[in-house]
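K.L.:
Submitted below is the structure of interest, expressed as structure tokens.
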């Protein structure tokens, strides 16, 4: 687990000007981990500038890390964890040498087990949208000891189903922050959207946002 984070917020395409406010609002709402995707323009600079403002116990990482070159750049920028959409043992090995947790992407049973065996901290099952929570539940039949993260198509409406299926965490984009709130820069709405989403997660129900 990433500091016990049940939800990893995924920000793709956010502007450098808007990111600090969104990060602060999301952490204030209780979010534990945020990733900026590598294919966001200026991603490395966004992370580099924001890293000193990350509160104690919270995590700022880089996602969509597809190869070793991108992994090196992400770590140099100050990424506290890495997330990939694909399985690349070189990336996992590099992250381990740097002491940076790696959430490695996989889909098939062979890929999922290979990612774990290579040393991933958690395995990102992606994309989940076409297969749904039932697929995750089936994977956890033989791989009940693996920490699986559901990513792709997770929303406030179905997040409970993914946790019920056995996910230890989920990765969520616009549906976590609120698409309109992100587009308009309404930070109060971002904070409210994140808080509402977190309340729908098993560890937060009935608790604080």
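K.L.:
Would a scan of the stretch 128-136 turn up a residue that is surrounded by fewer than 19 Cβ atoms within 10 Å (Cβ to Cβ), under 22 Å from residue 33 (Cα atoms) and over 16 Å from the mean Cα position of the chain (by Cα)?
P.N.:
Among the residues of the stretch 128-136, not one is surrounded by fewer than 19 Cβ atoms within 10 Å (Cβ to Cβ), under 22 Å from residue 33 (Cα atoms) and over 16 Å from the mean Cα position of the chain (by Cα), which makes the answer no.
K.L.:
A further question follows. Might you check whether a residue that is assigned to a helix (DSSP H, G or I), more than 16 Å from the chain's Cα centre (by Cα) and more than 22 Å from residue 174 (Cβ to Cβ) occurs anywhere in the stretch 138-160?
P.N.:
Yes, some residue in the stretch 138-160 is assigned to a helix (DSSP H, G or I), more than 16 Å from the chain's Cα centre (by Cα) and more than 22 Å from residue 174 (Cβ to Cβ).
K.L.:
Moving on to the next point. Could you say which residue among 100, 151, 112 is surrounded by 24 or more Cβ atoms within 10 Å (Cβ to Cβ) and closer than 19 Å to residue 35 by Cβ?
P.N.:
One residue alone meets the criteria, 151.
K.L.:
Take residue 115 and tell me if it is part of a helix (DSSP H, G or I), within 26 Å of residue 40 (Cα to Cα), within 17 Å of the chain's Cα centre (by Cα) and at pLDDT 95 or above.
P.N.:
yes
K.L.:
In the stretch 180-206, what residues are modelled with pLDDT under 95 and within 18 Å of residue 151 (Cα to Cα)?
P.N.:
Hits for the stretch 180-206 are 200, 201, 202.
K.L.:
Considering only the stretch 29-40, state which residues are surrounded by fewer than 24 Cβ atoms within 10 Å (Cβ to Cβ) and in contact with a helix residue (DSSP H, G or I) (Cβ under 6 Å, 6 or more places away or on another chain). Spell out how you get there, then give the answer.
P.N.:
Quick first cut of the stretch 29-40, residues surrounded by fewer than 24 Cβ atoms within 10 Å (Cβ to Cβ) only: 29-30, 32, 37, 39-40.
Matches in the stretch 29-40: 29, 30.
K.L.:
Would you check if residue 93 is buried (at least 23 other Cβ atoms within 10 Å of the Cβ), within 15 Å of residue 121 (Cβ to Cβ) and more than 15 Å from the chain's Cα centre (by Cα)?
P.N.:
Numbers: buried (at least 23 other Cβ atoms within 10 Å of the Cβ): no; within 15 Å of residue 121 (Cβ to Cβ): yes; more than 15 Å from the chain's Cα centre (by Cα): yes.
No; evaluated as a whole, the condition is false for this residue.
K.L.:
When you go through 168, 125, 190 one by one, which is the residue that is touching a residue at least 12 places away in the same chain (Cβ under 8 Å), over 24 Å from residue 78 (Cβ atoms) and buried (at least 20 other Cβ atoms within 10 Å of the Cβ)?
P.N.:
On inspection, the qualifying residue turns out to be 125.
K.L.:
Is one or more of the residues making up the stretch 3-25 out of contact with any strand residue (DSSP E or B) (no Cβ under 8 Å at 6 or more places or on another chain), closer than 21 Å to residue 177 by Cα, at pLDDT 95 or above and buried (at least 18 other Cβ atoms within 10 Å of the Cβ)?
P.N.:
Yes.
K.L.:
Now for a separate question. Just give me the residues in the stretch 41-59 being exposed (fewer than 14 other Cβ atoms within 10 Å of the Cβ) and under 13 Å from residue 12 (Cα atoms), in sequence order. Let's see the steps before the verdict.
P.N.:
At the first step, the residues of the stretch 41-59 found to be exposed (fewer than 14 other Cβ atoms within 10 Å of the Cβ) are 41, 45, 51-53, 55-57.
Selection gives 41 alone.
The values are calculated or read from the model by the stated rules, or taken from the named source; none is laboratory data. Values in this document were obtained by computation on a predicted structure and should not be read as measured data. Reconstructed Cβ throughout: ideal geometry from the backbone, glycine too, with neighbour counts over all protein chains shown.
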